[in-house]
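Sharing a structure, written as structure tokens. Questions coming.
The values are calculated or read from the model by the stated rules, or taken from the named source; none is laboratory data. Remember, it's a predicted structure, so these values are computed and weren't measured experimentally. Note: ideal-geometry Cβ built from the backbone for every residue, glycine included; neighbour counts use all protein chains shown.
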Number of protein chains: 2
Amino acid sequence: MTDPAALDRADPLRRFRDQFELPRGVVYLAGHSLGPLPKRTVARVAQTVQNEWGRTLVAAWDEHDWIGAPARIGAKIATLIGADADEVLVADSTSVNLFKLIAALMIAAPERRTLLIESGEFPTDMHVAQGATAALGRGRQVRFARQGQLAERIDENVALVVASHVHYRDARIRDMLAITQRAREAGALVIWDLSHSAGAILVDLHGARADFAVGCGYKYLNGGPGAPAYLYISRQWQERLSNPISGWLGHADPFSFVDSYNPAAGLARFASGTPPILALAALEAGVELMAEAPRTEMTLKTQALQQLFLDRVFARRRAGLSLLGPEDVRERGVHVALRHKRAELLVAHLARLGVISDFRPPDAMRFAFAPLYTSFADSAAAADALVQVLQTVGGRDLSPTAKVP
Amino acid sequence: MTDPAALDRADPLRRFRDQFELPRGVVYLAGHSLGPLPKRTVARVAQTVQNEWGRTLVAAWDEHDWIGAPARIGAKIATLIGADADEVLVADSTSVNLFKLIAALMIAAPERRTLLIESGEFPTDMHVAQGATAALGRGRQVRFARQGQLAERIDENVALVVASHVHYRDARIRDMLAITQRAREAGALVIWDLSHSAGAILVDLHGARADFAVGCGYKYLNGGPGAPAYLYISRQWQERLSNPISGWLGHADPFSFVDSYNPAAGLARFASGTPPILALAALEAGVELMAEAPRTEMTLKTQALQQLFLDRVFARRRAGLSLLGPEDVRERGVHVALRHKRAELLVAHLARLGVISDFRPPDAMRFAFAPLYTSFADSAAAADALVQVLQTVGGRDLSPTAKVP
């Protein structure tokens, strides 16, 4: 077994750990749910509240370029996902952006009525797809593909496919290029949800010939709880689509105060309401931090962290425990999912030992190894804690409130 | 002319002024656009960033009740607008909430296809109405009423009326009860936009028998730039409607991770994506401050502030200047709009004298007299500055960059 301390000393990313506020005694492996607080964000938000809002007041829309924040931060996110600066806009939540794209695309292709999504996708993707198709009417509906059978179910009735790049549960990385090309051959379009990949693994939208994507700001972009989300529309599509939520900030001239909606040129038309400046300040700080990190080193490190964890667990404890998702680390995002029939209990006991993971019903535990703030010592400590908890829980039917020694 | 200092000494609301961060030497009369920073908000946001996000991390969704914030803050807003606690939910932007309500209501009443709105309404109301009806299709469309003729244009083709309670431009208060009843007689529904009234003047949704409303958090609720918005649905309607943006947070059991969308009971179904916690912290602080203020005293004070301003201006300078909107102060919200052919220039020169108002094309200046932080001395100083600027500008064609002595 490799020495975690030696690996940490040799880690080319180790300077990044100090960029985050991490509570003492905690091994935080829940970045798949909420990324931790970057230290710089504290000052950035305070600056925005006290100096910009407090002192500059309404003039800050121009003087501090609040009005430009959605496009400016979008351009920074673009560098993380293989897009051009004018192809990414920060706006709303992932759910709302997904609705806007689904509605815009299904209205633009009225001859097809099926939206294809895999069963077991991230809930909001499935649920927004259902609500959007129902609201648009005219027989539009969602078709669920069985897990692993998404590509096979794309046919000439499918207008649109919605798919996560990395699956929230089993961490599998989907082949964006292959699915996009399969869809294109069938005359269908694909919206990619990058929530579990952007900022975590290499994402190359142009390389995958992707036209549409959405993603959240609060996981691997470290933008804060409920951070604003973003959407990507390739340049060739931007002016062919109408934003169904045609709010004033997507108008060609928002401050002309005219009756008629006239969409802004390019992606700006996909803005709707007034952008949330305090939340954007936090998101921008998180995104800037992520943009400073070298992507290849991040990929190599998360793979090593995952491998160390799994080796250290499975070397000592296999009974009742199995890996969910791909065996090959190169096919996984930055999290590892393990199955155990007492997963909920194990996660609760791990938390008492300071190891934060999460439980997904009925039997999955997720451990995210985000490479900028997770050390090899963390990975080893998490593995040791899991082995200890497994030994304690054993075959006994402990309640979630039972003490772990 | 009444003595401003004496009026300030006798002001029952004067203790509230110290609750706001106001830059020295500035008379801030642009609360109709962005409310100033409440002092308590600085600590509240820092607490949320550093202690809740930074130290509690993902567990804060439960431990600090982040998950309950949209309904909790909604209940506090309800006390300001004459609604019950479970009838108001904080979510998204005003534009997105308006879209959700328009789509839900027009889908629920498919036999009528017209959405009625007044020409010259606040832009996002007009623009979202146009986008939503176009997206819903089936011949649905927007009909524009001429200004002042909204009630007369409600007929048996109208499904829905969208109207601001207080007009953003001329400050006129619409008679919510009369318009709601007129609509009901014609079989139509009304969505009220409270953005320019809630937190500023008395709003009584129950008294007006109103069923639907939306509003923003960043004007008179002092929730910060681009603060989250809210929506109101009367209890009788909540379970009869479907949210077209059916995101996971509106699901009956968001963390069950099942394929099928099943709407939450009551208003909770109108949530969509993950709520923006940092922005909500600022909004909650602002709303709490507003809820501490006595409403009757606020109304009386804003009327007195407006009267002092107008008397002091018009006693000395009438040429080329006129009041836009109602003569009777009781028919206005908290702002006053004046017309002058050089309004844009006047507003720019006023800003150099430290009086912040705003310009709306082609010829309107708006001055908001929000009663919690505006003093009678402010009102007098603004009037004096306007008189001074009018004397300087006079009939001469000064450029916006010309100096005012």
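Only one of (1) β-branched (Val, Ile, Thr); (2) surrounded by fewer than 20 Cβ atoms within 10 Å (Cβ to Cβ); (3) more than 14 Å from chain A (Cβ to nearest Cβ); (4) more than 18 Å from B:Arg14 (Cα to Cα) is not met by B:Val287, so which one is it?
(2)
Something else about it: Could you tell me which numbered condition B:Phe376 fails, if it satisfies all but one of (1) touching a residue at least 60 places away in the same chain (Cβ under 8 Å); (2) over 21 Å from B:Gly35 (Cβ atoms)?
Among (1) touching a residue at least 60 places away in the same chain (Cβ under 8 Å); (2) over 21 Å from B:Gly35 (Cβ atoms), the lone unmet condition for B:Phe376 is (2).
Ok, one more. Is it true that B:Asp65 is among the charged types (D, E, K, R) and on the phi > 0 side of the Ramachandran plot? Don't jump to the end; show me each part of the working.
Values: among the charged types (D, E, K, R): yes; on the phi > 0 side of the Ramachandran plot: yes.
Answer is yes for this residue.
Considering only the stretch B:331-347, state which residues are in contact (Cβ under 8 Å) with a residue 60 or more places away in the chain, out of contact with any strand residue (DSSP E or B) (no Cβ under 6 Å at 6 or more places or on another chain) and part of a helix (DSSP H, G or I). Talk me through it step by step, then tell me what you get.
Residues of the stretch B:331-347 in contact (Cβ under 8 Å) with a residue 60 or more places away in the chain: B:331-337.
From what is left, the residues that are out of contact with any strand residue (DSSP E or B) (no Cβ under 6 Å at 6 or more places or on another chain) are B:332.
Residues satisfying the conditions do not exist here.
Taking into account only those residues within the stretch B:123-136 that are surrounded by fewer than 24 Cβ atoms within 10 Å (Cβ to Cβ) and touching a Phe, Trp or Tyr at 6+ places or on another chain (Cβ under 6 Å), which is modelled with the lowest pLDDT?
Only one residue tops the list, namely B:Pro123.
Restricting attention to the stretch A:311-347, which residues are within 14 Å of chain B (Cβ to nearest Cβ) and within 15 Å of A:Gln391 (Cα to Cα)?
Restricting attention to the stretch A:311-347, the residues satisfying the condition of being within 14 Å of chain B (Cβ to nearest Cβ) are A:324, A:335, A:337, A:343-344, A:347.
Selection gives A:Ala343, A:Val347.
Residue by residue, here is whether (1) in contact (Cβ under 8 Å) with a residue 40 or more places away in the chain; (2) within 11 Å of chain B (Cβ to nearest Cβ); (3) surrounded by fewer than 24 Cβ atoms within 10 Å (Cβ to Cβ) holds:
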{"site": "A:Gly54", "(1), (2), (3)": "no, yes, yes"}
{"site": "A:Val58", "(1), (2), (3)": "no, yes, yes"}
{"site": "A:Ile81", "(1), (2), (3)": "yes, no, no"}
{"site": "A:Thr94", "(1), (2), (3)": "yes, yes, no"}
{"site": "A:Ile107", "(1), (2), (3)": "yes, yes, yes"}
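Here is a further query. From the list A:Leu372, A:Leu386, A:Leu353, exactly one residue is at pLDDT 95 or above, surrounded by fewer than 21 Cβ atoms within 10 Å (Cβ to Cβ) and under 30 Å from A:Arg9 (Cα atoms). Which is it?
Working: A:Leu372 fails: surrounded by fewer than 21 Cβ atoms within 10 Å (Cβ to Cβ); A:Leu386 fails: surrounded by fewer than 21 Cβ atoms within 10 Å (Cβ to Cβ).
Criteria check complete, one pass: A:Leu353.
Could you say which residue among A:Ala200, A:Ala183 is closer than 26 Å to A:Ala370 by Cβ and among the small types (Gly, Ala, Ser)?
Exactly one of A:Ala200, A:Ala183 is closer than 26 Å to A:Ala370 by Cβ and among the small types (Gly, Ala, Ser), namely A:Ala200.
Considering the stretch A:348-370 alone, what residues qualify as being part of a loop (DSSP other than H, G, I, E, B) and within 13 Å of another protein chain (Cβ to nearest Cβ)?
A:Gly354, A:Ser357, A:Pro361, A:Pro362, A:Asp363, A:Ala370
Within the stretch A:304-311, is even one residue assigned to a strand (DSSP E or B), crowded, with 22+ Cβ neighbours inside 10 Å and touching a strand residue (DSSP E or B) at 6+ places or on another chain (Cβ under 7 Å)?
no
Now, a different point. Which condition breaks for B:Pro110 when tested against (1) modelled with pLDDT of 95 or more; (2) under 20 Å from B:Leu241 (Cα atoms)?
(1)
Looking at B:Leu323, B:Leu278, B:Leu300, which is the one that is over 24 Å from B:Gly223 (Cβ atoms), more than 17 Å from the chain's Cα centre (by Cα), of a type outside the set (Ser, Thr, Tyr) and assigned to a helix (DSSP H, G or I)?
Working: B:Leu323 fails: assigned to a helix (DSSP H, G or I); B:Leu278 fails: over 24 Å from B:Gly223 (Cβ atoms).
The match here is B:Leu300.
Next question, about the same structure. Would you check which residues across the stretch B:18-52 are within 8 Å of chain A (Cβ to nearest Cβ) and part of a loop (DSSP other than H, G, I, E, B) and list them?
Residues satisfying the conditions are B:Pro23, B:Val26, B:Ala30, B:Ser33, B:Leu34, B:Pro36.
Could you identify the single residue in B:Ser322, B:Ser357 that is under 30 Å from A:Asp259 (Cβ atoms), free of Cβ contacts under 8 Å to residues at least 24 places away in the same chain and not aliphatic (A, V, I, L, M)? Give the steps one after another, and end with the answer.
On the way: B:Ser357 fails: free of Cβ contacts under 8 Å to residues at least 24 places away in the same chain.
The unique qualifying residue is B:Ser322.
When only residues in the stretch A:189-222 that are surrounded by fewer than 24 Cβ atoms within 10 Å (Cβ to Cβ) and out of contact with any strand residue (DSSP E or B) (no Cβ under 9 Å at 6 or more places or on another chain) count, which is modelled with the lowest pLDDT?
A:Leu202
B:Tyr168 fails exactly one of the following numbered conditions: (1) in contact with a His (Cβ under 9 Å, 6 or more places away or on another chain); (2) of a type outside the set (A, V, I, L, M, F, W, C); (3) more than 9 Å from every other protein chain (Cβ to nearest Cβ). What is the number of that condition?
It fails just one condition, (3).
Let me ask you something else. Give the stretch B:107-144 a look and list any residue that's small (Gly, Ala, Ser), assigned to a helix (DSSP H, G or I) and under 25 Å from the mean Cα position of the chain (by Cα), or say none.
Across the stretch B:107-144, the qualifying residues are B:Ala129, B:Gly131, B:Ala132.
Hey, could you check the stretch A:134-165 for residues that are in contact with a helix residue (DSSP H, G or I) (Cβ under 7 Å, 6 or more places away or on another chain) and closer than 19 Å to B:Gly137 by Cα and say which is farthest from the other protein chains (Cβ to nearest Cβ)?
Here the answer is A:Ala159.
Scan the stretch B:217-235 and give yes if some residue there is more than 14 Å from chain A (Cβ to nearest Cβ), aliphatic (A, V, I, L, M) and closer than 20 Å to B:Ala151 by Cα, otherwise no.
There is no residue in the stretch B:217-235 that is more than 14 Å from chain A (Cβ to nearest Cβ), aliphatic (A, V, I, L, M) and closer than 20 Å to B:Ala151 by Cα.
On to the next question. Filter the stretch B:389-405 for residues that are more than 30 Å from B:Ile201 (Cβ to Cβ) and either at pLDDT 95 or above or part of a helix (DSSP H, G or I) (or both) and give the result.
B:Gln391, B:Thr392, B:Val393
Shifting gears a bit: Tally up the residues in the stretch A:7-65 that are β-branched (Val, Ile, Thr) and in contact with an Asp or Glu (Cβ under 8 Å, 6 or more places away or on another chain), please.
Narrowing the stretch A:7-65 to residues β-branched (Val, Ile, Thr): A:26-27, A:41-42, A:45, A:48-49, A:56, A:58.
Those still in the list that are in contact with an Asp or Glu (Cβ under 8 Å, 6 or more places away or on another chain) too: A:27, A:42, A:56, A:58.
Final tally of qualifying residues: 4.
Here is a further query. For B:Gly286, state whether it is closer than 30 Å to A:Asn222 by Cβ and of a type outside the set (A, V, I, L, M, F, W, C).
For B:Gly286, the condition - closer than 30 Å to A:Asn222 by Cβ and of a type outside the set (A, V, I, L, M, F, W, C) - is met.
Restricting the stretch A:255-275 to residues that are within 7 Å of chain B (Cβ to nearest Cβ) and closer than 28 Å to A:Tyr218 by Cβ, which is surrounded by the most Cβ atoms within 10 Å (Cβ to Cβ)?
A:Ser272
Quick check on my filter: what residues within the stretch A:62-79 are surrounded by fewer than 22 Cβ atoms within 10 Å (Cβ to Cβ), within 11 Å of chain B (Cβ to nearest Cβ) and hydrophobic (A, V, I, L, M, F, W, C)?
A:Ile67
With respect to the numbered conditions (1) in contact (Cβ under 8 Å) with a residue 24 or more places away in the chain; (2) surrounded by fewer than 18 Cβ atoms within 10 Å (Cβ to Cβ); (3) not aromatic (Phe, Trp, Tyr), which one is the sole condition not fulfilled by B:Asp18?
B:Asp18 satisfies every listed condition except (1).
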